[in-house]
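Written below as structure tokens is the structure these notes are about.
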Amino acid sequence: MFLLLTFADRPKIDEEFTTDVNEIQNRLVYKNAKGCTTLYDAVYLALEKMKLAHNPKKAILVITDGEDTCSRYSLLNVRNAVKESDVQIYAIGIVNSYYSDLSQGRSGRAVLEEMAEITGGKAYFPNSVYELEDICTKIAIELKNQYILGYSSTNTVRDGRWRKIKVRLNAPKGLPSLSVRAKTGYFGPNG
């Protein structure tokens with residue numbers, strides 16, 4: 001299932017959940033970048049919409065320059081919502097390498113990298129539009145080849161605080177290079 005949400009002056013659902021990839025692609029072809037950027041509002045809305053999704057594996061693909069110019073929600077609001085969600089975020093940062101703050105390693109790039117890292121996703125920053133198809137293919141392959149791990153915490157404290165986790169891989173000899181990306185933590189039970 002797919003959902004298309006665009007954002008400029010405000011986030012807007014352009015296509016509700018559908019299995020029709022062509023409809024999503026057709027709507028994307030005619031989108032122009034304009035207006036101010038409500039990235040944080042859009043991510044927040046996307047996370048809310050994902051609560052209604054029925055698939056056990058949920059992911060958001062954000063295509064943006066990573067800058068936010070006029071959201072109602074703050075980065076802190078979105079960071080907390082991302083931590084509470086069970087959604088992976090993949091980001092494609094589209095930048096103009098000569099003029100963008102992203103090319104200088106400033107806020108927009110860091111925001112996209114942080115959202116992706118918290119959720120176990122990944123941020124990509126292509127140098128050319130010609131890399132987009134390859135990046136989307138990599139994301140699709142990764143989503144199809146993921147494992148779900150679970151564990152029971154020995155921490156019985158019910159304080160609702162953020163608990164960091166780290167997943168490591170001891171790869172068997174003879175296998176090709178493997179990598180691990182996982183959520184960086186979770187909120188413990190409260191009360």
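The values are calculated or read from the model by the stated rules, or taken from the named source; none is laboratory data. These numbers were taken from a predicted model, which means no experiment stands behind them. Neighbour counts are summed over all protein chains in view; Cβ atoms, including those assigned to glycine, are modelled from backbone coordinates with ideal geometry.
Quick check: anything in region 4-18 in contact with a Cys (Cβ under 8 Å, 6 or more places away or on another chain) and buried (at least 16 other Cβ atoms within 10 Å of the Cβ)? Within region 4-18, one or more residues are in contact with a Cys (Cβ under 8 Å, 6 or more places away or on another chain) and buried (at least 16 other Cβ atoms within 10 Å of the Cβ).
What number of residues within region 45-82 are basic (Lys, Arg), part of a loop (DSSP other than H, G, I, E, B) and closer than 13 Å to Pro11 by Cα?
Initially, region 45-82 is screened for residues basic (Lys, Arg), giving 49, 51, 57-58, 72, 79.
Okay, now just the ones that are also part of a loop (DSSP other than H, G, I, E, B), so 51, 57-58, 72.
Add one more test, that the residue is closer than 13 Å to Pro11 by Cα, and what stays is 72.
Count: 1.
If you go through region 5-16 one residue at a time, do you hit one that is more than 22 Å from Lys144 (Cα to Cα), aliphatic (A, V, I, L, M) and under 16 Å from the mean Cα position of the chain (by Cα)? Yes, the conditions are met somewhere in region 5-16. Across region 10-44, the number of residues qualifying as more than 25 Å from Ala116 (Cβ to Cβ) and part of a loop (DSSP other than H, G, I, E, B) comes to 5.
Condition test on Ala42, is it under 29 Å from Thr19 (Cβ atoms), buried (at least 18 other Cβ atoms within 10 Å of the Cβ), in contact (Cβ under 8 Å) with a residue 40 or more places away in the chain and out of contact with any helix residue (DSSP H, G or I) (no Cβ under 7 Å at 6 or more places or on another chain)?
On the way: under 29 Å from Thr19 (Cβ atoms): yes; buried (at least 18 other Cβ atoms within 10 Å of the Cβ): yes; in contact (Cβ under 8 Å) with a residue 40 or more places away in the chain: no; out of contact with any helix residue (DSSP H, G or I) (no Cβ under 7 Å at 6 or more places or on another chain): yes.
Answer is no for this residue.
Restricting Ile94, Ile63, Ile89 to residues that are in contact with a strand residue (DSSP E or B) (Cβ under 7 Å, 6 or more places away or on another chain), surrounded by 13 or more Cβ atoms within 10 Å (Cβ to Cβ) and modelled with pLDDT of 95 or more narrows the list to Ile89. Total residues in region 160-191 satisfying the condition of being of a type outside the set (Val, Ile, Thr) and within 25 Å of Met115 (Cβ to Cβ): the figure is 19. For region 149-177, a residue qualifies if it is part of a loop (DSSP other than H, G, I, E, B), in contact (Cβ under 8 Å) with a residue 24 or more places away in the chain and either more than 26 Å from Phe187 (Cα to Cα) or in contact with a strand residue (DSSP E or B) (Cβ under 8 Å, 6 or more places away or on another chain) (or both), and the qualifying residues are Ser153, Asn155, Arg158, Gly160, Arg161.
Return a yes/no flag: does region 120-135 have any residue that is assigned to a loop (DSSP other than H, G, I, E, B), at negative phi and free of Cβ contacts under 8 Å to residues at least 24 places away in the same chain.
Looking for residues that are assigned to a loop (DSSP other than H, G, I, E, B), at negative phi and free of Cβ contacts under 8 Å to residues at least 24 places away in the same chain, one finds at least one in region 120-135, hence yes.
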